[in-house]
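Comments concern the structure below.
The values are calculated or read from the model by the stated rules, or taken from the named source; none is laboratory data. Remember, predicted model here, so these are calculated numbers, not experimental data. Neighbour counts are summed over all protein chains in view; Cβ atoms, including those assigned to glycine, are modelled from backbone coordinates with ideal geometry.
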């Protein structure tokens, strides 16, 4: 059975210093599980600088591991290719070592901010439930909670999930999740852009309840509204511009384990590099989720796709780091 030692993601402490991150990126992209995956698909990882190796892996993973580009579809709409049992075992082992599988507990007990990332409707319910349990069970103490979403329209499959029948957008699913998880009623304050919903639209709902940290549910505008809806970096940026972040702040990001590498790297690039704060990123525990995982949500094709996402996010982070160190 294939097995690899765990590979660390880039660390991000308060008063963020970028000097060591390039070496940590190199450790992830040149690791034994990455080499094994590349070899399985007929390649050999070259000896190169971090930047050149990221460029090579971008092209290689685009050719072999990008299953979304055919049809430009959402993650749950990808038609999975077939894998041999040996391939599936290797991909599972590599993904585990690269930090896309296991649900890690938060490494600290106190955070200034807890961010819950949006996604498909099922993930919105799972992640908000997990985050609320962390707070309710006193696993972490947090100053404030923010659920980050967008005005992506939900599909019929998403609105068929428990509690989402009246939801229209991703932000609505996040709102349902935080209300259920934290036991909230009506928002104390709602702010939003006016007019019809477009990729430029935004909304913030604020909840205040006794015995609960202040909770915000945000729909972010896109930074490229003519081309696409808001993505994860847009939600980080929108939240940060409405917050008073300090270099000493610690942020806990809650997502799904399969997305931890790329969303952690984007958080470092958008939040730590601009504001200096420390960041930990964890995935929720599927074994404790009221809403089960979707069939195929963690298949071999999904792991390869999100390993590619990790490569792309590290490439963006490395580019930003290079600019900051030469500025």
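General observations
- Residue within segment 88-99 that is outside any helix (DSSP H, G or I), modelled with pLDDT of 95 or more and within 25 Å of residue 253 (Cβ to Cβ) present: yes
- Any chance residue 216 is under 19 Å from the mean Cα position of the chain (by Cα) and in a strand (DSSP E or B): yes
- Listing of helices (runs of 4 or more DSSP H) fully contained in segment 111-183 that carry 1 or more residues being closer than 14 Å to residue 252 by Cβ: 121-136
- Only one entry of 163, 194 meets the criterion of being on the phi > 0 side of the Ramachandran plot, over 19 Å from the mean Cα position of the chain (by Cα) and surrounded by fewer than 24 Cβ atoms within 10 Å (Cβ to Cβ), and that entry is 163.
Yes/no per residue for (1) modelled with pLDDT under 95; (2) in a loop (DSSP other than H, G, I, E, B); (3) surrounded by fewer than 18 Cβ atoms within 10 Å (Cβ to Cβ):
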| site | (1), (2), (3) |
| --- | --- |
| 2 | yes, yes, yes |
| 27 | no, no, yes |
| 35 | no, no, yes |
| 46 | no, yes, yes |
| 52 | no, no, yes |
| 55 | no, no, yes |
| 60 | no, no, no |
| 79 | yes, yes, yes |
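- Qualifying residue in segment 35-42 (condition: under 30 Å from residue 247 (Cβ atoms) and out of contact with any strand residue (DSSP E or B) (no Cβ under 9 Å at 6 or more places or on another chain)): no
- Residue match in segment 127-136 (condition: over 23 Å from residue 302 (Cβ atoms), without any contact (Cβ under 8 Å) to a residue 60 or more places away in the chain and under 21 Å from the mean Cα position of the chain (by Cα)): yes
- Residues in segment 4-25 that are more than 20 Å from residue 250 (Cβ to Cβ) and crowded, with 17+ Cβ neighbours inside 10 Å were compared, and the one that is farthest from the chain's Cα centre (by Cα) is 4.
- Residue check, residue 296 part of a loop (DSSP other than H, G, I, E, B) and surrounded by fewer than 19 Cβ atoms within 10 Å (Cβ to Cβ): yes
- Qualifying residue in segment 229-241 (condition: touching a residue at least 12 places away in the same chain (Cβ under 8 Å), crowded, with 19+ Cβ neighbours inside 10 Å and closer than 16 Å to residue 9 by Cβ): yes
- Qualifying residue in segment 214-222 (condition: free of Cβ contacts under 8 Å to residues at least 60 places away in the same chain and more than 22 Å from residue 244 (Cα to Cα)): no
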